[in-house]
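Asker: Okay, handing you the structure first.
The values are calculated or read from the model by the stated rules, or taken from the named source; none is laboratory data. Given the structure is predicted, the values throughout are model-derived calculations rather than measurements. A quick note on method: Cβ atoms are made from the backbone with ideal geometry, for glycine too, and the neighbour counts reach across all protein chains shown. We work out accessible area using only protein heavy atoms, side chains counted, and drop any ligands, DNA or RNA first. Shrake-Rupley method; radii C 1.70, N 1.55, O 1.52, S 1.80 Å.
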Amino acid sequence: MADDEDEGLGLIPELYKPPALLPIAQLKDALLYTIETYPVTIIVGETGSGKTTQIPQFLLKAGWTSDGSVIAVTQPRRIAATSVAARVAEEIGCQLGQEVGYSIRFEDVTSAKTQIKFLTDGLLLREMLVDPLLKRYSVVMVDEAHERSLSSDILLSLLKKIMRKRPELRVVVSSATIEAEKFLEFFAPEEEEATNKQAKSDFGHIISIEGRMHPVEIQYLAEPVSDYVERAVQTVLDIHTTEEKGDILLFLTGREEIEDAIDMITDRIPDLGPGYQTLQPLPLYAGLSTDQQMYVFQPAAENTRKVIVSTNIAEASVTIDGIGYVIDCGFVKLRNYDPGLGIERLSVCPVSRASATQRAGRAGRTRPGKCFRLYTESAYSTLPETTFPEIQRSNLAPVILQLTNLGIQNVVRFDYLSRPPSQLVIRAIDTLYSLGAVDDQARLTKPLGARMADLPLEPMLAKALLNAPNFGCLPEMLTIAAMMTLQGTTFVSHDGNKKQEDKAKRRFAVEEGDHITLYNVYEAFVSQGKKDAQWCREHSLNFKALVKAMSVRKQLKNQLERLGIAETVSIPAAHVSRVGPMSMTERVRRCLTTGFFAHAARMKPDGTFQTPSGSATLYVHPSSIFFHRKADWVIYHEIMETKNKIYIRDLTTIEMDWLVEYAPEYYRVRQR
DNA sequence: AGTGTATAT
């Protein structure tokens with residue numbers, strides 16, 4: 001890990017500071033005592049406190065794995081699980097995968113010797129399907145719980161349930177913010193459960209660890225602004241001309257704003273006049289290809305100041321060294337699910353104070369920094385304290401299916417950390433009922449519901465895939481299901497060449513729609529472009545995404561085989577007479593309809609779509625082949641509202657009659 | 001008519 005900026009030994013002193021000097025080392029005894037004494041320990045520690053790397057090692061040395069148990073540490077992101085595991089393995093002096101390992105989807109780097117295991121919280125949830133009480137673990141540490149992701153919230157609820165049956169289990173919840181009290185209160189036993197011997201306060205404890213952050217000076221605007229992109233650009237140039245060295249990190253809400261801001265900065269650089277360093281604006285958002293993202297991590301050239309213009313990705317998911325200045329526009333794009341309409345909405349919302357703090361902290365990682373907030377101090381005080389938990393603004397159908405499969409009897413009265421609005425839960429149950437995954441008492445159906453829950457797919461897609469053998473199109477549907485999980489990342493425009501991307505897309509396009517078009521892409525990739533990044537480049541395809549599709553397809557295939565559904569299975573006798581002579585594309589289209597009947601629409605002469613009830617106008621997403629072509633009835637994979645327009649993505653043509661044939665109950669009411 | 005914050009199984 002050479003660093004160009006470092007002279008001499010090439011070592012960065014802070015990185016090599018022995019763990020014993022971390023603030024957390026002083027708390028070691030108190031920590032171990034607390035974990036020994038109380039079932040629940042809440043750790044409040046800022047970035048740099050060493051909590052993630054040190055606590056598992058303390059527990060290991062204190063004997064928490066001496067009976068053969070494992071210490072689990074969950075992370076919200078795959079990258080964190082792998083990198084932290086590598087770091088701890090190095091500190092302990094073992095090979096990764098031996099005493100210290102990690103497990104993420106498609107990668108299990110653990111062995112029989114593994115005592116500390118880092119994994120994503122989503123994967124630990126999956127493990128509960130085979131080990132409901134998580135018996136192999138003596139301690140489960142849930143890291144970054146303050147982010148309130150859907151899976152860490154659910155995980156905490158289930159851990160609380162498990163603890164009643166396993167009093168010896170220890171739960172450590174680690175959080176960077178002030179939510180500690182809420183977490184502790186959540187784990188406290190109900191009044192009637194608390195015996196005299198065990199009062200509420202005996203149940204858990206909060207421990208705070210000081211971080212090693214440098215101070216960040218915060219500046220607010222005196223007056224609010226209406227155009228924060230313009231103001232952000234001005235601030236960038238002001239910092240560049242008046243402040244000392246240090247890169248700039250500018251938070252905006254999305255790709256369009258980022259590109260606008262970069263154009264504006266580039267346009268104004270000549271006006272600065274001579275005598276200043278070079279200013280190098282760089283975009284950062286998840287939609288960029290990996291090589292385009294790499295630029296932001298490279299140290300700037302001599303006499304150059306980087307300006308990284310980023311979405312929320314730089315708030316927690318990605319860390320860039322050398323940032324001295326942060327500019328925070330005060331907004332973020334958040335996904336919201338509208339249970340009434342059954343659509344997701346991507347809307348620009350004010351950030352929470354917790355987010356604003358996290359953004360500011362990005363300036364103080366290596367030295368004292370400054371943060372410029374493009375809003376007034378009084379506006380700051382009116383911001384919500386924390387971001388609305390994901391569980392209160394998501395489509396809950398997948399979660400409810402999973403909880404039901406884990407044996408949760410009543411998903412409405414389930415012990416949520418933050419209760420989702422009942423509308424969300426009701427809508428989820430309705431969806432699952434219409435798909436046949438639960439019965440009219442909201443109980444899991446067998447085998448259909450249980451099988452759907454076993455698959456790592458959204459319920460509608462799981463239903464369609466499980467129906468594939470009935471249409472004799474299992475190999476095709478496996479591919480389509482795998483391609484759907486790429487969520488629109490199949491095509492990329494290399495070097496920003498949009499026209500070339502459109503042209504490449506047309507090459508694979510078929511009149512039946514996007515699903516079969518993506519099937520063609522996958523087939524071409526496997527036969528011609530597999531392990532050939534250059535072929536992908538020529539066809540504007542995302543190599544990494546297609547490799548992932550291959551992994552997903554293989555995983556789905558294995559999972560179905562375990563359910564007794566083999567890829568080569570022939571059409572069941574009862575169906576042969578009906579689907580035997582059909583073309584493969586018709587089988588696939590019918591099969592998709594059995595899962596996505598609720599996502600039906602019909603094209604109007606002007607090229608927009610209408611819902612079956614005619615209540616809303618839907619726009620074809622420009623990534624669809626029907627952006628340029630005509631269609632009649634279609635089903636679509638996804639629906640989302642942005643900028644007051646509802647877009648549908650991944651469309652396939654169907655016959656209206658199929659809706660009634662495959663979903664008679666769902667469409668009966670509207671037919672009359 | 002012209003597009004998607006981020007993450008996970």
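Asker: Convex hull over the alpha-carbon atoms of the stretch A:216-388: what's its volume per residue in Å³?
Answerer: Numbers: hull volume 22.2 nm³, N = 173.
Enclosed volume per residue, from the Cα hull, is 129 Å³.
Asker: Taking the Cβ-Cβ separation of A:PHE627 and A:GLN98 as r and a Förster radius of 51 Å, what is the calculated FRET efficiency to the nearest 0.05?
Answerer: With a Förster radius of 51 Å, E is 0.45.
Asker: Run the numbers for A:GLU36 and A:THR242: contour at 0.36 nm per residue of separation, minus the present Cα-Cα distance, in nm.
Answerer: Once the chain is fully extended between A:GLU36 and A:THR242, it gains 68.8 nm.
Asker: Percent antiparallel among DSSP beta bridges with both residues in chain A, to the nearest 5?
Answerer: On the way: 29 of 88 bridges.
Roughly 35 percent of the beta bridges in chain A run antiparallel, per DSSP.
Asker: For the stretch A:272-283, just list the computed ³J(HN,Hα) in residue order, Karplus coefficients 6.51, -1.76 and 1.60, θ = phi - 60°, integers in Hz, with x standing in for Gly and Pro.
Answerer: 5, x, x, x, 9, 4, 6, 10, 10, x, 9, x
Asker: Moving on to the next point. Mind listing the phi-derived Karplus ³J(HN,Hα) values for the stretch A:608-618, rounded to whole Hz, using 6.51, -1.76 and 1.60 with θ = phi - 60°, and x for any glycine or proline?
Answerer: So the J values, rounded to whole Hz, are 8, 10, 10, 5, x, 7, x, 7, 9, 9, 10.
Asker: If the chain between A:ASP29 and A:ALA450 were fully stretched, how many nm would it gain, using 0.36 nm times the residue separation less the Cα-Cα distance? Before the final figure, lay out the partial values.
Answerer: Values: separation 421, 0.36 × 421 = 151.56 nm, distance 4.56 nm.
Once the chain is fully extended between A:ASP29 and A:ALA450, it gains 147.0 nm.
Asker: Still on this model: Each residue of the stretch A:648-662 in order: what ³J(HN,Hα) in whole Hz does its phi give by Karplus 6.51 cos²θ - 1.76 cosθ + 1.60, θ = phi - 60°, with x for Gly and Pro?
Answerer: Each residue of the stretch A:648-662 in turn: 10, 10, 6, 9, 9, 6, 9, 9, 4, 4, 5, 4, 6, 5, 9 Hz.
Asker: Also, I was wondering about something else. Using the beta-carbon distance between A:ASP260 and A:SER422 and R0 = 35 Å, what value does 1/(1 + (r/R0)^6) give for FRET efficiency, to the nearest 0.05?
Answerer: Calculated value: 0.30.
Asker: Expressed in nm², what is the orientationally averaged projection area of the convex hull enclosing the Cα positions of chain A?
Answerer: 33.4 nm²
Asker: Sticking with this structure for a sec: Which whole-number value in Å² is the accessible area per residue of the stretch A:619-659, probe 1.4 Å?
Answerer: 47 Å²
Asker: Give the Debye-formula value of log10 I(q)/I(0) at each listed q (0.08 Å⁻¹), with one equal scatterer per alpha carbon of the stretch A:13-209, two decimals each.
Answerer: Results for the stretch A:13-209 at q = 0.08 Å⁻¹ read -0.24.
Asker: On to the next question. How much of the accessible area of chain A, in percent, comes from carbon and sulfur atoms when a 1.4 Å probe is used? Walk me through the numbers on the way to the answer.
Answerer: Details: 15900 of 31750 Å².
Roughly 50 percent of what the probe reaches on chain A is carbon or sulfur.
Asker: In addition: Tell me, what is the per residue accessible area of the stretch A:13-209 in Å², probe radius 1.4 Å?
Answerer: Details: 8710 Å² over 197 residues.
It amounts to 44 Å² per residue over the stretch A:13-209.
Asker: Let me ask something additional. Any lysines with Cα under 18 Å of the A:LYS446 Cα? List them, leaving off those in the same chain fewer than 8 positions away.
Answerer: Straight-distance partners of A:LYS446: A:LYS463.
Asker: Now, a different point. At 0.36 nm per residue, minus the direct Cα-Cα distance, what do A:LYS165 and A:ASP430 gain on full extension? Give it in nm, one decimal, please.
Answerer: Taking 0.36 nm per residue and subtracting the Cα distance, the gain is 92.2 nm.
Asker: Still on this structure, please answer the following. Amide H to amide H, which residues 5 or more places from A:GLU641 or on other chains are under 5 Å from it, using H placed in the peptide plane?
Answerer: A:GLU344, A:ARG345, A:LEU346, A:TYR647
Asker: In nm, give the distance between the simple-model label positions of A:ASN520 and A:THR376, each being 7 Å from the Cα along the Cα-to-Cβ direction.
Answerer: Result: 5.8 nm between the two label points.
Asker: Give the accessible surface of the stretch A:216-388 per residue, rounded to a whole number of Å², with probe radius 1.4 Å and ligands, DNA and RNA excluded.
Answerer: Here the residues of the stretch A:216-388 average 47 Å² of exposed surface.
Asker: Further, regarding this structure: Please compute the net charge surrounding A:GLY324, taking Lys and Arg as +1 and Asp and Glu as -1 over other residues with Cβ under 13 Å from its Cβ.
Answerer: On the way: positive: A:LYS245, A:ARG305, A:LYS306, A:ARG362, A:ARG365, A:ARG367, A:LYS370; negative: A:GLU217, A:GLU243, A:GLU244, A:ASP247, A:ASP321.
Here the count lands on +2.
Asker: Once R0 is set to 41 Å, what does the formula 1/(1 + (r/R0)^6) return for the Cβ-Cβ distance between A:LEU272 and A:LEU383, expressed as a FRET efficiency to the nearest 0.05?
Answerer: 0.75
Asker: Tell me what chain A gives for mean residue ellipticity at 222 nm when only DSSP H runs of n ≥ 4 count, each as -39,500 (n - 2.57), the sum divided by the residue total, rounded to 500 deg cm²/dmol.
Answerer: That comes out to -11500 deg cm²/dmol.
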